[in-house]
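Here the structure is laid out as structure tokens; the discussion comes afterwards.
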Amino acid sequence: MSKASRRSLLLLIFLCLFTLSSSVFAQNPLPKATPSIASAASEFIPKIPPRAIAYQRERRTVSLIGLAWGLAGAFVFVKSGLSRTLAKRLETPKLPPPFWKFLLFFAAFTLFHSLWTLPFGLWGWRLERNYGFSTLSIFGYLRDRLIGTTTELILAPVLWIALRLYTRSPEHWWKKAWIGVVPLILFSIVLQPIVISPLYYRYTAMSPSPLRTRIETLASKAGISGGRILIESTSSRTTHVNAYVAGLGPTTRIVINDTALEKLPPDQLTAMMGHEMGHYVEGHLWFGFAFASLGAGLFLFLIHRVFPLLLKRYENFFGAKHPAELSALPLLLWIISVFLLVQAPVESGISRVMEHRADRFGLQVAGLHRATAQLFVGFAERDYSDPDPPTLLHFWFGTHPTLKERIEFALEDPDDTPAK
């Protein structure tokens with residue numbers, strides 16, 4: 001085994017040991033009530049059964065070890081000889097190679113990586129089935145996975161154009177690529193709810209009802225006019241409860257899971273909608289677009305600096321000398337994966353700030369403090385969300401304040417004044 005291979009193996013072992021040690025810290029029920037919660041009824045202290053703790057522990061194990069396993073996939077693709085063999089068959093003196101050859105290589109790697117990570121995907125699906133959350137059959141899960149693998153091919157022309165820019169202007173390609181990527185990020189956010197999401201779910205307008213009237217009244221109070229409220233067929237895949245805002249400009253919509261309509265009482269649904277209206281009114285999707293655009297520029301600059309250096313250092317392992325060669329692509333995709341992992345705390349931290357602001361907006365516009373707290377308690381008791389997850393994992397991956405923090409915040413003024 002070469003020195004590069006040994007280092008890669010040691011890195012994989014370290015990541016696996018780290019994720020295994022982290023995954024055992026499933027949160028116990030809240031050990032004691034905080035002042036805000038203690039002043040309210042015990043109904044606001046989530047009652048976490050042992051079954052939920054077992055679910056949290058296994059879910060972390062699947063997710064974190066699966067993450068390390070996925071990062072190892074690129075090296076296995078190279079070490080197995082698949083990368084060199086395929087690159088040799090598609091070899092061309094022109095760099096980058098013609099798009100159709102690049103697409104074939106990219107599709108082969110994407111398929112390999114999907115199969116490589118399939119065991120952990122199936123483990124995660126089985127976990128959700130065992131705890132009564134997933135409603136997908138094995139065939140439904142594999143169909144969704146095939147859709148996801150296919151949609152990843154959208155990245156191929158973006159990477160090919162970036163490599164083409166690199167061959168023409170090695171020193172300034174990343175600036176030109178950044179200019180091109182920003183509108184692509186915008187288009188992806190605009191088109192996602194009308195192109196990608198319908199591949200998985202059906203969306204229908206909310207039927208006239210007292211609840212719809214209540215939500216429209218709340219929207220008017222929040223200063224929203226003409227906003228689209230859609231019902232998502234979430235129950236076709238899971239029993240979990242949620243709502244979210246998607247799209248930008250003409251495709252912006254507030255989406256409610258049909259599972260939420262089935263399981264939540266009107267006050268909690270209204271509280272949830274107040275939160276989502278906070279995202280809408282405060283333009284959080286536009287902030288997300290701005291942060292993504294800045295992040296893309298930083299990422300392209302790092303690629304410009306790091307990719308050629310790593311390729312030169314591990315040239316023999318990857319079998320490539322130039323970044324635009326096909327056999328260098330696994331390294332580029334691995335760098336992308338590592339960057340996304342390393343920047344996750346920044347992305348998560350920004351998300352937590354926006355989610356807290358949406359909580360505040362929802363409480364101000366709806367006035368449903370107790371219902372909001374009950375909603376968060378339900379996430380812990382019904383959906384088995386950890387109310388107080390391990391600090392490191394929450395710092396790295398937590399996109400919302402902890403449920404414990406959100407319950408405390410909602411109960412700072414527990415007297416409800418529902419929107420009429």
* **Filter pass, residue 253 being farther than 25 Å from residue 354 by Cβ, of a type in the set (Lys, Arg) and in contact (Cβ under 8 Å) with a residue 12 or more places away in the chain** => no
* Asked: If you take the residues in segment 288-320 that are more than 23 Å from residue 176 (Cα to Cα) and not aliphatic (A, V, I, L, M), which one is farthest from the chain's Cα centre (by Cα)?
  -> 316
* To do: Kindly list, by first and then second residue, each pair from a residue in segment 385-411 that is over 20 Å from residue 50 (Cα atoms) to a residue that is of a type in the set (Phe, Trp, Tyr) and modelled with pLDDT of 95 or more, limited to pairs with Cβ atoms under 7 Å and residues at least 6 apart or on different chains.
  => 406/376; 407/376; 410/376
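Go through the residues of segment 169-192 one by one and say whether even a single one is over 30 Å from residue 305 (Cβ atoms) and among the aromatic types (Phe, Trp, Tyr). Before you say what the answer is, go through the steps one by one.
Taking segment 169-192 as the starting set, the residues that turn out to be over 30 Å from residue 305 (Cβ atoms) are 190-192.
In the following step, the residues that additionally are among the aromatic types (Phe, Trp, Tyr) were identified as none.
Checking segment 169-192: not a single residue is over 30 Å from residue 305 (Cβ atoms) and among the aromatic types (Phe, Trp, Tyr).
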* **Residue list for segment 128-142, filter: surrounded by 14 or more Cβ atoms within 10 Å (Cβ to Cβ) and either more than 19 Å from the chain's Cα centre (by Cα) or acidic (Asp, Glu) (or both)** => 128, 129, 131, 135, 136, 140, 142
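So which of 216, 262 is more than 30 Å from residue 384 (Cα to Cα) and outside any strand (DSSP E or B)? Working first, answer last.
Numbers: 262 fails: more than 30 Å from residue 384 (Cα to Cα).
None of the other options fit; the residue is 216.
The values are calculated or read from the model by the stated rules, or taken from the named source; none is laboratory data. Every value quoted in this text rests on a predicted model; they were computed, and no experiment measured them. Cβ coordinates were reconstructed from backbone atoms using ideal geometry, including for glycine residues, and neighbour counts include every protein chain displayed.
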